[in-house]
Amino acid sequence: MRFMVAEMSSRDETVDLYDTVFHYNAPTDVVADAFLSLAERDAITDVTQMKLNKLMYLAQAQYLAATNHRLFRERLEAYRHGPIVPSLRYRFSAWKDRSLTEAPFDEHALDQVPQDMRSFIEQVWDKYKGYTASQLRDMSHKDPAWKSVYRPNAQHLVMDDKQIAQTVINAPWQERISNPNVVLVNNDMMNSINWDKRVADAVARTKAKLSV
């Protein structure tokens with residue numbers, strides 16, 4: 001199983017402050033099954049198609065904002081009930097509103113992802129697992145990335161990665177989730193430290209990249 005690896009180094013123009021590596025573009029089914037594994041572990045039985053799709057959307061949005069890369073490979077599409085992942089829509093079509101923890105899935109999926117991705121997925125799960133599918137749908141309907149694309153009765157309306165990320169970037173700092181291998185720096189942190197010119201330039205490049 002292949003995961004894309006990004007190297008971030010202060011010797012490179014795409015840099016974070018520290019030499020580090022993070023993973024991206026995981027197989028979609030592996031990320032979905034990781035969420036279902038967590039639901040089974042925590043005895044959460046309300047992870048329906050809608051809730052899983054919204055968890056995937058929120059995870060993708062947070063990852064795009066944190067790393068400028070996708071957590072999983074597929075593009076999100078805009079439908080009536082919010083963003084969906086096309087392959088999951090078809091994979092679980094027969095399950096309708098039933099709990100997907102009863103559907104066939106890889107219970108060991110979480111163990112297949114690199115540690116930085118696993119930590120990130122667990123953070124997303126812990127943040128949103130208590131919300132109902134309807135609450136997550138309503139949350140997604142406020143996203144300009146969905147509102148600007150959705151059209152009633154239309155299908156395959158692809159959402160823009162940059163718009164998806166921007167919704168998270170515009171949110172309060174405390175609402176963001178980070179990859180443990182990527183350092184996010186906000187204005188308050190930057191202003192509170194006496195940086196030398198080399199480090200300050202690296203921070204500026206990182207800030208510009210995260211704002212794209």
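Checking the stated criteria, PRO114 turns out to be over 18 Å from LEU58 (Cβ atoms) and touching a strand residue (DSSP E or B) at 6+ places or on another chain (Cβ under 7 Å). Name the single residue that is surrounded by the fewest Cβ atoms within 10 Å (Cβ to Cβ) among those in the range 49-82 being basic (Lys, Arg) and either within 12 Å of the chain's Cα centre (by Cα) or within 21 Å of ALA39 (Cβ to Cβ) (or both). Filtering first and then ranking leaves ARG73. Within the range 21-75, can you find the residues that are in a helix (DSSP H, G or I) and of a type in the set (Phe, Trp, Tyr)? The answer is PHE35, TYR57, TYR63.
Summed over the range 60-89, the residues that are of a type in the set (Phe, Trp, Tyr) and farther than 16 Å from SER148 by Cα give a count of 2. Can you say whether TRP173 is of a type in the set (Phe, Trp, Tyr) and modelled with pLDDT of 85 or more, as far as the supplied structure shows? No.
Within the span defined as the range 189-207, every residue fails to be farther than 24 Å from GLU77 by Cβ, at pLDDT 95 or above and part of a loop (DSSP other than H, G, I, E, B). Considered as a group, the residues in the range 146-165 that are part of a helix (DSSP H, G or I) and in contact (Cβ under 8 Å) with a residue 24 or more places away in the chain include one that is surrounded by the fewest Cβ atoms within 10 Å (Cβ to Cβ), and that residue is LYS162. The combined condition, being in a helix (DSSP H, G or I) and surrounded by 13 or more Cβ atoms within 10 Å (Cβ to Cβ), is fulfilled by GLN123.
The values are calculated or read from the model by the stated rules, or taken from the named source; none is laboratory data. Small disclaimer: the values here were computed from a predicted structure and weren't measured. Heads up, the Cβs are rebuilt from the backbone with ideal geometry, glycines too, and the neighbour counts pull from every protein chain shown.
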